[in-house]
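I have placed the structure first, in the form of structure tokens, so that the comments after it can refer back to it.
The values are calculated or read from the model by the stated rules, or taken from the named source; none is laboratory data. Since this is a predicted model, take the numbers as computed values, not measurements. Cβ placement follows ideal geometry from the backbone for every residue including glycine, while neighbour counts extend to all protein chains displayed.
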Amino acid sequence: MAKWIKAKRLSAFTSFAYGGNPAWIILGADGLSDDIMRRLSHDLNPLSDTAFVLKEDTSEADVFLRFFTGSGEINFSGHTAVATYFALSGENVVKMVEPITLIKQRTKAGIQQVEIRVKNEKVTRVTVLLAKPNYMEVDVNPNVVAKTLGITANDITATGLPFDVIACGFYDLIVPLKKLDDMKKISPNFALMDSMCTRFGVQGVVVFCTETFEQGSHAFMRHFAPVVGVNEDPISGASAGSLGCYLIRNRMIEPSSFSRIVIEQGYMQQRRGKVYVHIECTLDQILRVKVGGYSVLTFTGYVLAPDEELFKTISV
């Protein structure tokens, strides 16, 4: 039977309404099938991901989150995870106390610690602990990558920086460019990119430069993930975490006990936002990677979860 479910829409990793990455959060999603969650995500948020909040039945965590795109479930989504706790403010799902609330969330990526900053009973910042970075050795031909991005191989090799494949959530091929003008020239062939990513065993492509729109930022990046049904993600928290690891690994930022890295995204889609990446190192080893930021509520109400039996009848 179809039922009405509470839902909120937020602009994630931004302090501007309708900036950043759009995130739909579905509260009380228990009992929804995977197919219904996928269909809701496709209809509500064809641009990006949707988070579904479910009851946590174990003592390991405080809340259980599942993430879907229109193509299906993904293990983790940084921007929707951050947006979720702004959405849960005042919902009595997670007890939030000032000034900092620490909780654990369970996702398909595992158990993760979340830091929620609270002031005057409102959430002001959310930071999520990501997985420690994993690296993959891939033989990457600059000509192949350039072709998928609609630029020249020289645009890539001019930086003198290497390719890298890093995962703090899922594997991204990280591609350096020299300046913002090069970033603006990108015109991806998503069919070719999908094929390339599948061949390499990666889920996305991060393209970045260290020229930025605003002072105080360390890099500007664009994120492409046609493999998971998102051609260009306005802002990706997990991929920003991977880029932060790349900057540390290649000594573009010196490793230290605590590095705060600001990654700009979304500016070329009129959805500007920032991800704050915190990386803790010791003896040149990355110990912890966290991503955090703001979110702005733009809608609260109810959506109708479709009748699954009706869909089964239609599909027959």
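If you go through the stretch 1-15 and pick out every residue that is of a type in the set (Phe, Trp, Tyr) and surrounded by fewer than 24 Cβ atoms within 10 Å (Cβ to Cβ), you end up with 1.
Take the conditions (1) modelled with pLDDT of 95 or more; (2) surrounded by fewer than 20 Cβ atoms within 10 Å (Cβ to Cβ); Ile151 misses just one of them, which is (2).
Criterion applied to Glu73, Glu60 was being surrounded by fewer than 19 Cβ atoms within 10 Å (Cβ to Cβ) and assigned to a strand (DSSP E or B), and the one residue passing it is Glu73. Annotation: of all residues in the stretch 116-145 being among the polar types (S, T, N, Q), more than 30 Å from Ala158 (Cβ to Cβ) and within 20 Å of the chain's Cα centre (by Cα), the one that is surrounded by the fewest Cβ atoms within 10 Å (Cβ to Cβ) is Thr124.
Table: residues versus (1) touching a residue at least 60 places away in the same chain (Cβ under 8 Å); (2) outside any strand (DSSP E or B); (3) over 15 Å from Leu304 (Cα atoms); (4) of a type in the set (Val, Ile, Thr).
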{"position": "Lys6", "(1), (2), (3), (4)": "yes, no, no, no"}
{"position": "Phe16", "(1), (2), (3), (4)": "yes, yes, yes, no"}
{"position": "Arg38", "(1), (2), (3), (4)": "no, yes, no, no"}
{"position": "Ser41", "(1), (2), (3), (4)": "no, yes, no, no"}
{"position": "Phe67", "(1), (2), (3), (4)": "no, no, yes, no"}
{"position": "Val97", "(1), (2), (3), (4)": "no, yes, yes, yes"}
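Listed here are the residues, each with its yes/no results for (1) buried (at least 21 other Cβ atoms within 10 Å of the Cβ); (2) closer than 24 Å to Val291 by Cα.
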{"position": "Ala17", "(1), (2)": "no, yes"}
{"position": "Asp35", "(1), (2)": "no, no"}
{"position": "Asp49", "(1), (2)": "yes, yes"}
{"position": "Ser77", "(1), (2)": "yes, yes"}
{"position": "Thr84", "(1), (2)": "yes, yes"}
{"position": "Ile100", "(1), (2)": "no, yes"}
{"position": "Val114", "(1), (2)": "yes, yes"}
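Scanning the stretch 283-300 for residues that are more than 18 Å from Cys168 (Cα to Cα) and either of a type in the set (S, T, N, Q) or within 14 Å of the chain's Cα centre (by Cα) (or both) yields a total of 4. Evaluated against (1) buried (at least 21 other Cβ atoms within 10 Å of the Cβ); (2) within 21 Å of Ser11 (Cβ to Cβ); (3) out of contact with any Asp or Glu (no Cβ under 7 Å at 6 or more places or on another chain), Phe208 falls short on exactly one condition, (2). Annotation: Val94 fulfils all but one of (1) at pLDDT below 95; (2) among the β-branched types (Val, Ile, Thr); (3) crowded, with 21+ Cβ neighbours inside 10 Å; the unmet one is (3). When every residue of the stretch 117-125 is checked against the conditions, none turns out to be of a type in the set (Lys, Arg), in contact with a helix residue (DSSP H, G or I) (Cβ under 8 Å, 6 or more places away or on another chain) and at pLDDT 95 or above. You will find that of Asp57, Asp49, Asp34, Asp30, the residue that is of a type outside the set (Val, Ile, Thr), touching a Gly at 6+ places or on another chain (Cβ under 9 Å) and farther than 16 Å from Val296 by Cβ is Asp34 and no other. Assess whether Ala158 counts as being more than 24 Å from Thr14 (Cα to Cα), surrounded by 13 or more Cβ atoms within 10 Å (Cβ to Cβ) and among the small types (Gly, Ala, Ser). Here the answer is yes, as Ala158 does meet what is asked.
Conditions (1) under 16 Å from Gly293 (Cα atoms); (2) in a strand (DSSP E or B); (3) modelled with pLDDT of 95 or more, marked per residue:
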{"site": "Asn231", "(1), (2), (3)": "no, yes, no"}
{"site": "Ile235", "(1), (2), (3)": "yes, no, no"}
{"site": "Ala238", "(1), (2), (3)": "yes, no, no"}
{"site": "Cys245", "(1), (2), (3)": "no, no, yes"}
{"site": "Ile248", "(1), (2), (3)": "no, no, yes"}
{"site": "Arg251", "(1), (2), (3)": "no, no, no"}
{"site": "Ser257", "(1), (2), (3)": "no, no, no"}
{"site": "Ile261", "(1), (2), (3)": "yes, yes, yes"}
{"site": "Met268", "(1), (2), (3)": "no, no, no"}
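Scanning the stretch 160-189 for residues that are of a type in the set (Asp, Glu) and either closer than 19 Å to Glu137 by Cβ or assigned to a strand (DSSP E or B) (or both) yields a count of 2.
Of the residues making up the stretch 177-199, just one is more than 15 Å from Glu232 (Cα to Cα), out of contact with any Cys (no Cβ under 7 Å at 6 or more places or on another chain) and surrounded by 20 or more Cβ atoms within 10 Å (Cβ to Cβ), namely Met196. Inspection of the stretch 42-49 finds no residue satisfying the criterion of being under 15 Å from the mean Cα position of the chain (by Cα) and modelled with pLDDT of 95 or more.
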